[in-house]
Every structure is written in C-alpha cells, then in structure tokens.
Amino acid sequence: MKIFYTKHFIKQYKKLTPSLKKKTKLSINKFQKNPKNKTLKAHKLSGQLSGFYSFSVDYRYRVVFEIDKKNNQIILLKVGGHQIYQ
C-alpha cells in the first residue's frame, strides 16, 4: 500500500523535535514494510475515532492513520502524544 500524508500530519510533524522526527520516520518505514510489526502496536481505534487506526512511535507518541482499501493506500492523519486522540 502507498502512504500519503495529510497537511495536518505534516504540520504536526514539523513541530516535533529532531529526535522524534527521526523516530517517526523509522516507525513509518517499519509500518510500510510490515504493518503487523509487533513493535508498532498497531490497532483499531474506537469511540470518536472509530474507523481509524494508530501505531506507536515510542512510549508517548502515536501516528493516527486511515486505510483506504478502495485506492489501496494508507493516509497518515495525525502524529503526537495521546492528546491526538481527542
């Protein structure tokens, strides 16, 4: 699947520290190679974010994404701490 980034994701990404940017890039690369990589802890979200998914960058930071099966693509929506779930 091809990965796309929303403007909102890019805006949040630019605000990350250099070390978090590096970790985020590594996590995205891992995810692209193997979405079921257990270290990413990818999972389906519930509640207001039902229909979306998340994977871990590190203990505090997450990436929220959407799967577009029709177009065979993954859209990265948000990156940040747990507050991105709100």
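The values are calculated or read from the model by the stated rules, or taken from the named source; none is laboratory data. Because the structure is predicted, anything quoted here is derived from the model rather than measured. All Cβ positions, even for glycine, are placed from backbone atoms using ideal geometry, and neighbour counts span all protein chains on display.
Checking the stated criteria, Ile84 turns out to be touching a strand residue (DSSP E or B) at 6+ places or on another chain (Cβ under 9 Å) and at pLDDT below 95. State which residue pairs qualify: first residue under 13 Å from Val64 (Cα atoms) and inside region 1-25, second residue modelled with pLDDT of 95 or more and part of a loop (DSSP other than H, G, I, E, B) in any location, beta carbons under 6 Å apart, and separation of 6 or more residues or different chains. Every condition considered, the pairs that remain are Thr24/Val57. Taking Ser54, is it assigned to a helix (DSSP H, G or I) and small (Gly, Ala, Ser)? Considered against the rule, which asks whether it is assigned to a helix (DSSP H, G or I) and small (Gly, Ala, Ser), Ser54 comes out as no. Scanning region 1-28 for residues that are surrounded by fewer than 14 Cβ atoms within 10 Å (Cβ to Cβ), at pLDDT 95 or above and either among the charged types (D, E, K, R) or at positive phi (or both) returns Lys7, Lys11, Lys14, Lys15, Lys22, Lys25. Of all residues assigned to region 42-54, at least one qualifies as being in contact with a Ser or Thr (Cβ under 7 Å, 6 or more places away or on another chain) and not aliphatic (A, V, I, L, M). Out of the residues in region 59-86 that are outside any strand (DSSP E or B) and of a type in the set (Lys, Arg), which is surrounded by the fewest Cβ atoms within 10 Å (Cβ to Cβ)? Selected residue: Lys70. Given the criteria among the acidic types (Asp, Glu) and more than 13 Å from the chain's Cα centre (by Cα), does Asp58 qualify? For Asp58, the condition - among the acidic types (Asp, Glu) and more than 13 Å from the chain's Cα centre (by Cα) - is not met.
Scanning region 31-46 for residues that are part of a loop (DSSP other than H, G, I, E, B) and without any contact (Cβ under 8 Å) to a residue 40 or more places away in the chain, we see that the one that is farthest from Gln86 (Cα to Cα) is Asn34.
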